[in-house]
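Read-outs: derived from the displayed coordinates by stated rules, not from any lab. None of these values were measured; they are calculated from a predicted model. Because the Cβ atoms are built from the backbone with ideal geometry, glycine has one as well, and the counts that use them run over all protein chains shown.
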Amino acid sequence: MTKTGSTSGEFDIIRQAFAPLASAMPGALDLLDDAALLDVPAGEQLVLTKDALVAGVHFLETDAPDLVARKLLRTNLSDLAAMGAAPAGYLLATAWSPDCDDAWIQRFADGLRQDQEEFGIALLGGDTVKTPGPKTFTLTALGRVPRGTALRRGGATAGETVYVSGTIGDGFLGLMSLTGKLPAGAVSKTDAEYLEGRYHLPRPRLALGQRLRNVASACLDVSDGLVADLGHLSEVSGVGINLYLDQVPLSDAARPLTEADPALVARLVTGGDDYELAFTAPADLAGEIEAISSELNLSITAVGTVVEGAGVRGFDKSGAEVVFDRAGWTHF
Ligand SMILES: Nc1ncnc2c1ncn2[C@@H]1O[C@H](COP(=O)(O)OP(=O)(O)O)[C@@H](O)[C@H]1O
Ligand SMILES: Cc1ncc(C[n+]2csc(CCOP(=O)(O)OP(=O)(O)O)c2C)c(N)n1
Ligand SMILES: [Mg+2]
Ligand SMILES: [Mg+2]
Ligand SMILES: [Mg+2]
């Protein structure tokens, strides 16, 4: 019987592919002990988050291993951004499917190395297993905030403005493009590449999250879909949100598609895979938000208002309410 997949042993993989990613972290103990050690500076709090990526659910089986690894790290960094935290380190659990050979695993590790450098973070430890099922990767990201300053989902009050960073719907359209679901010729090759890039590589808004400490009244990142995630924020805050669909920021690549098919906007605000920040702030901080946007060279757009009540209501340009088939992605 010919052996497929990785020809290295479990500990060879840890030594060769993953220990180098931990070398900058003394507390990782070169991945030779049972667990890592981490000091928390006085006056700070640790922020901890975990997200999993499963082949066929969060990424495509055909996606390149380095892109899968980087998306895994970035979706978790997006949760740190949502809390206003600075990245401190991460733990990684990998369940390799039978078809993952040594080269696949090394390219996955290379992707992590690339993003570790970009985001100034390193590996603290993890676990390595094989699975007869789809590839499954889980990452726990650790971040730091000055004690008591973490952004939360629960602080929005009626009268405030709802903002979103960047553009919405690109990741969803990128997935549609990758799976051949966009009408033929609907986007140029350059636009398709941009949208697919947004699906593969979210841009965790870490600088924005940290800058919003003591500014935003509530914040979260948009993973399930803008409507669904604003729904989470509204529920925890005990308020309602009016979302104005014509104000939702779209990229130059997405806009021609919504011009051709205006009904698509409702799918872009419920599609997910955005990894932008949505947050609320008092109306008198509008100037401050504008200054932050210029400072960070990142668009921040007012998309709605916080109202008394419950739930998210969408309105089109004419003021008519738009009812969504579903608010966003759910796993069950
Ligand atoms: N299996 C689980 N065990 C413990 N906490 C969980 C689990 N799944 C989700 N959570 C927590 O529930 C909250 C909502 O989860 P989720 O929708 O995944 O948030 P996010 O979109 O920010 O990742 C988060 O605080 C998360 O840490
Ligand atoms: C192949 C594939 N199909 C569908 C999607 C769409 N999708 C899957 S899970 C998800 C929501 C985000 O994932 P989740 O596990 O809920 O992350 P969290 O909200 O915890 O950050 C979306 C939009 C995708 N990213 N890839
Ligand atoms: Mg999650
Ligand atoms: Mg989140
Ligand atoms: Mg989710």
At most 16 other Cβ within 10 Å, DSSP loop - trypsin sites (Lys or Arg not before Pro), region 1-83: 3
Inter-probe distance in nm under a simple model that places probes 7 Å from Cα toward Cβ, at residue 16 and residue 307: 6.1
Pairs beyond 29 Å (Cα-Cα), from 50/130; 130/189; 71/181; 135/181; 181/317: 130/189
Prolate/oblate/rounded call for region 16-78, Cα gyration tensor, a/c under 1.5 rounded: oblate
Sparse-neighbourhood loop sites, trypsin sites (Lys or Arg not before Pro) in region 165-259 - DSSP loop, at most 15 other Cβ within 10 angstrom: 181
Residue-wise HN-Hα coupling along region 57-69, computed from phi with Karplus coefficients 6.51, -1.76, 1.60 (Hz; x: Gly, Pro): 10, 10, 9, 8, 3, 8, 5, 5, x, 5, 6, 4, 4
For region 110-231, convex hull volume per residue from C-alpha positions, Å³: 187
Share, in percent, of DSSP beta bridges within the chain that are antiparallel, nearest 5: 75
Principal axis box of region 240-332, alpha-carbon based, largest edge first, Å: 35, 35, 33
Rounded tilt (10° steps) of 102-119 against the dominant C-alpha axis of the chain: 50
Added length on full extension, which subtracts the Cα-Cα distance from 0.36 nm per residue, residue 110 to residue 297: 64.4 nm
Euclidean distance between Cα centres, region 212-233 to region 184-199, Å: 27
Region 10-146 pair-distance distribution - Cα-Cα, 5 Å bins, rounded %: 2, 11, 21, 24, 21, 13, 6, 2, 1, 0
Under the Debye formula (equal points on every Cα, no solvent term), log10 I(q)/I(0) of the chain at q = 0.14 Å⁻¹: -1.12
Residue-by-residue Karplus 3J(HN,Hα) for region 171-176, coefficients 6.51, -1.76, 1.60, Hz, glycine and proline x: x, 4, 5, x, 5, 4
Region 143-169 versus region 13-63: alpha-carbon centroid distance in Å: 26
Average projected area [Cα convex hull, region 211-283], square nanometres: 5.6
J(HN,Hα) series, region 181-196, from Karplus relation 6.51 cos²θ - 1.76 cosθ + 1.60, nearest Hz, glycine and proline x: 9, 8, x, 3, x, 6, 10, 6, 4, 4, 5, 4, 5, 4, 5, 5
Volume of the Cα convex hull of region 161-322, divided per residue and given in Å³: 108
Angle between the chain longest axis and helix 286-296 axis [Cα atoms, degrees, rounded to 10]: 30
Local net charge near residue 176, Cβ-Cβ under 13 Å (Lys/Arg +1, Asp/Glu -1): -2
